[in-house]
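Report on the structure given below.
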Amino acid sequence: MNPLSKSELIQKGKYFTPAQQITVPANGSISVDFQGYNGRIYGLNRFIIGGSSLESILATAKLINTDGKTTIFENIQLNVIQQLFLARSLRGAFIIEPQTQLELTLTNVTGADIDVNVELAGYSDVQLNNLKAQYECKGASFPKPVLVSTKVDVAAGATDSIAKLSLPASKLRLYRMALRSDSDANIQVKVRYNKYYIKPLVYLSQINDEFKHMDMILPIDLESTTPFELYLTNLDGAALHTVSFLAETYKV
C-alpha cells in the first residue's frame, strides 16, 4: 500500500474520538467497552480524562480480541493516566482490532458516587493503515507501546519506601514518566535503575513538569533482569498516601 497524500487522507479518513460518561458507584466497580469507528480497526494513542476526585478512582484497561486479553495498565489511579496524556499522545498506538474492544474497569475507593468522563483519541482505519504504510516505506515497524505501571501505599512519615517495577521479558526503551497521588505535595520520589539514580530526590510535580511536553533528553533502555525501583518518601507524618506511576516505553 502506498501512503495517501494529505488531501486524500482528509477525504477518506474519519476523525473519531469515542467518549463515555461514567458514574462509578461508591465502593464499587464498573466496566465499559470502546471500539473503533463502526467496529473497524482503531489505533488508540491517547486517553483524555475529565471529572473530579480522579485520585480516588482505580483504572484497569485491557484489549480483548480473539487471542484473549492484553493488559495496558492495571489498578492505577485515574489522575496518573490523565497526567501522562495531558499534553501528549503516544509515539505509537495500541491497536483495537476490528470487531473487538478496549475494556476499561473503574473502581471507586470512596463512599460516594463519582462521575468521570473517559475519551479516547487515535487513528481510525484509513489513517492507521496510512501510518503503517509510511513506516513500511522507511523499512520500519509502526511503534507498539508498552505502559509500565504500579500503585503503592506509602505509610505516614515513611522515608525511601521501595516499590519494585515489574518489566516484561523483552528490552524496553523508556521515554517519559508520570507520577500522581492523593496528596502530591507530600510525596517525594527517587527513581533507580541498575543501582543508579536516574532521578534523584524530587517532588512528584517536578517529574510531571519535566515530561508533560517533552521526552527524556536521553531515553533509557530497561532490561527485565535489572532492578527498576521507586524510593518514595511521605512528608505527611499523620496519614498514609497512595501513589501511582505510569511510563511510556517501547520494545527495542
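Data table
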quantity: Meets criteria (modelled with pLDDT under 95, farther than 26 Å from R46 by Cα and not assigned by TED's automatic domain parsing to the domain that holds L54) for N194; calculated: yes
quantity: Test: residue in region 141-148 that is hydrophobic (A, V, I, L, M, F, W, C) and farther than 30 Å from N186 by Cα; calculated: yes
quantity: Any chance I41 is out of contact with any Asp or Glu (no Cβ under 9 Å at 6 or more places or on another chain) and of a type outside the set (K, R); calculated: no
quantity: Restricting region 123-171 to residues that are of a type in the set (S, T, Y) and under 30 Å from Q11 (Cβ atoms), the residue that is surrounded by the fewest Cβ atoms within 10 Å (Cβ to Cβ); calculated: S141
quantity: Some residue of region 188-199 being crowded, with 16+ Cβ neighbours inside 10 Å, over 25 Å from L90 (Cβ atoms) and touching a Phe, Trp or Tyr at 6+ places or on another chain (Cβ under 6 Å); calculated: yes
quantity: Condition check for S183: out of contact with any Phe, Trp or Tyr (no Cβ under 9 Å at 6 or more places or on another chain), crowded, with 16+ Cβ neighbours inside 10 Å, at pLDDT 95 or above and polar (S, T, N, Q); calculated: yes
quantity: Residue check for A121: small (G, A, S) and in a strand (DSSP E or B); calculated: yes
quantity: From L86, L106, residue being assigned to a strand (DSSP E or B) and modelled with pLDDT of 95 or more; calculated: L106
quantity: Elements of type strands (runs of 3 or more DSSP E) contained in region 127-228, each with 1 or more residues being touching a Gly at 6+ places or on another chain (Cβ under 8 Å); calculated: 145-154
quantity: Residue that is farther than 18 Å from Y196 by Cα, of a type in the set (A, V, I, L, M, F, W, C) and buried (at least 22 other Cβ atoms within 10 Å of the Cβ), where the choices are L246, L230; calculated: L246
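The values are calculated or read from the model by the stated rules, or taken from the named source; none is laboratory data. Every value quoted in this text rests on a predicted model; they were computed, and no experiment measured them. Note that we place each Cβ from the backbone using ideal geometry, even for glycine, and neighbour counts take in every protein chain shown.
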